[in-house]
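Since the structure comes first, as structure tokens, the remarks are kept for the end.
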Amino acid sequence: MAWLLWLIGAGALAVGEMLTLDLVLLMLAGGALGGMAVALLGGALWLQLAIFIIVSGVLLVAVRPIAKKQLTDRTPLQLDGVDTLIGRTAQVTAQVDRTGGRIRLGADEWSARSQHSAESFAVGETVRILQVDGATAVVGDALE
């Protein structure tokens, strides 16, 4: 029956890790699984606790720094949301000037305006998205 308590504890620690994302509770969950293994083999409570402490300590000291380094070094900064649109080209569907207009980006149509007041883009021209301001794409010449 003690093995079930260790398993529940490991699960709770793993869920807690999903909330903190610091890789500490996950290492403790690994230690709890070590305690569970000893309990399944019929080990005494003091041995279960000793294995929990030893396995957790080894994981915290040896595995956590390597795992954390792998996560931070190998995860590129990823653009998301409207930041992914910057730099892409689109077709003008309604004349774009400083006051407004429309562009087609793939299957989507966006409201747009030119970056500079002197710029104007006719229907059919290709423009480059320079930034997104709310729901409006700020565009410039595709050759920029």
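The set of residues in the stretch 15-25 being touching a residue at least 24 places away in the same chain (Cβ under 8 Å) and either assigned to a helix (DSSP H, G or I) or among the charged types (D, E, K, R) (or both) consists of 24 alone.
With loosely packed, with under 15 Cβ neighbours inside 10 Å, under 33 Å from the mean Cα position of the chain (by Cα) and at pLDDT 95 or above as the only criterion, which of 30, 35, 57 stands out? Let's see the steps before the verdict.
Numbers: 30 fails: loosely packed, with under 15 Cβ neighbours inside 10 Å; 35 fails: loosely packed, with under 15 Cβ neighbours inside 10 Å.
On inspection, the qualifying residue turns out to be 57.
Got at least one residue in the stretch 48-68 being polar (S, T, N, Q), in contact (Cβ under 8 Å) with a residue 40 or more places away in the chain and closer than 30 Å to residue 9 by Cβ? Scanning the stretch 48-68 turns up at least one residue that is polar (S, T, N, Q), in contact (Cβ under 8 Å) with a residue 40 or more places away in the chain and closer than 30 Å to residue 9 by Cβ.
Report the residue count in the stretch 38-53 for those that are farther than 19 Å from residue 1 by Cβ and either touching a helix residue (DSSP H, G or I) at 6+ places or on another chain (Cβ under 8 Å) or at pLDDT below 95 (or both). Step through it out loud before you land on a result.
From the stretch 38-53, those farther than 19 Å from residue 1 by Cβ are 50, 53; that's our starting set.
If we keep only those that are either touching a helix residue (DSSP H, G or I) at 6+ places or on another chain (Cβ under 8 Å) or at pLDDT below 95 (or both) too, we end up with 53.
Here the count works out to 1.
The condition (being of a type in the set (A, V, I, L, M) and either assigned by TED's automatic domain parsing to the domain that holds residue 9 or within 30 Å of residue 17 (Cβ to Cβ) (or both)) is satisfied by just one residue among 129, 54: 54.
The values are calculated or read from the model by the stated rules, or taken from the named source; none is laboratory data. Note that the structure is predicted; figures quoted are calculated from it, not measured. No Cβ is skipped: glycine too gets one built from the backbone with ideal geometry, and neighbour counts run over all protein chains shown.
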